[in-house]
Amino acid sequence: MSTALNILVIEDSPVQRAVIGNIVKELGHKPYLIESFHNAMSPLINKDNIDIVLLDLMLLDEEGNTVADGFQVCSELKSSKPDLKIIVISAESDASAKDFALMQGADAYITKPFKVTDLSDCIKSLEN
């Protein structure tokens, strides 16, 4: 069995955040759940203990207004911690969105809705 990873989940939807957190936990890892970009740039992300970030591209507030551009979040996270592994999890299925996310530093891209095995396989591929 592999070592448990510390996985930061940045997802604005409380339901999806909880579901993804439960999946991470069931996979034997430690989830850290936050709902916004502002929280992502908190001291938590600057600690060396975060191994992987699961990032939603559309980060909205309670009224549905965009509070952060996930592409920009990805770029800023990768700029501040180049070795940080980032998996984008987004409802955006357009190939250009995936390509742009990878250009911004994402290591992988999963389209919602996704299968648990998709996330599990992606995490396993980034463990090494």
*asked:* For region 20-55, give me the residue count where each residue is under 18 Å from ASP69 (Cα atoms), among the small types (Gly, Ala, Ser) and modelled with pLDDT of 60 or more.
replied: 1
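Residue-by-condition table, conditions (1) within 13 Å of the chain's Cα centre (by Cα); (2) surrounded by 18 or more Cβ atoms within 10 Å (Cβ to Cβ):
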site	(1), (2)
ALA68	no, yes
PHE71	yes, yes
ALA95	no, no
ASP99	no, no
CYS122	yes, yes
*For residues in region 78-121 being among the basic types (Lys, Arg), out of contact with any helix residue (DSSP H, G or I) (no Cβ under 6 Å at 6 or more places or on another chain) and more than 13 Å from ASP56 (Cα to Cα), which is modelled with the highest pLDDT?*
LYS115
_For a quick check of your reading of the model, give me the residue pairs whose first member lies in region 56-77 and is modelled with pLDDT of 85 or more, whose second is outside any loop (DSSP other than H, G, I, E, B) and among the polar types (S, T, N, Q), with beta-carbon atoms closer than 6 Å and at least 6 apart or on different chains._
LEU57/SER90
*Of residues in region 106-120 being surrounded by 19 or more Cβ atoms within 10 Å (Cβ to Cβ) and without any contact (Cβ under 8 Å) to a residue 40 or more places away in the chain, the one nearest to THR3 (Cα to Cα)*: ALA108
*asked:* Pull out all pairs, ordered by first then second residue, where Cβ-Cβ is under 8 Å, the residues are six or more apart or on different chains, the first lies in region 9-38 and is more than 17 Å from LEU59 (Cβ to Cβ) and of a type in the set (Gly, Ala, Ser), and the second is at pLDDT below 95 and assigned to a helix (DSSP H, G or I).
replied: none
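The values are calculated or read from the model by the stated rules, or taken from the named source; none is laboratory data. Since this is a predicted model, take the numbers as computed values, not measurements. Positions of Cβ are backbone-derived with ideal geometry, glycine not excepted, and every protein chain shown enters the neighbour counts.
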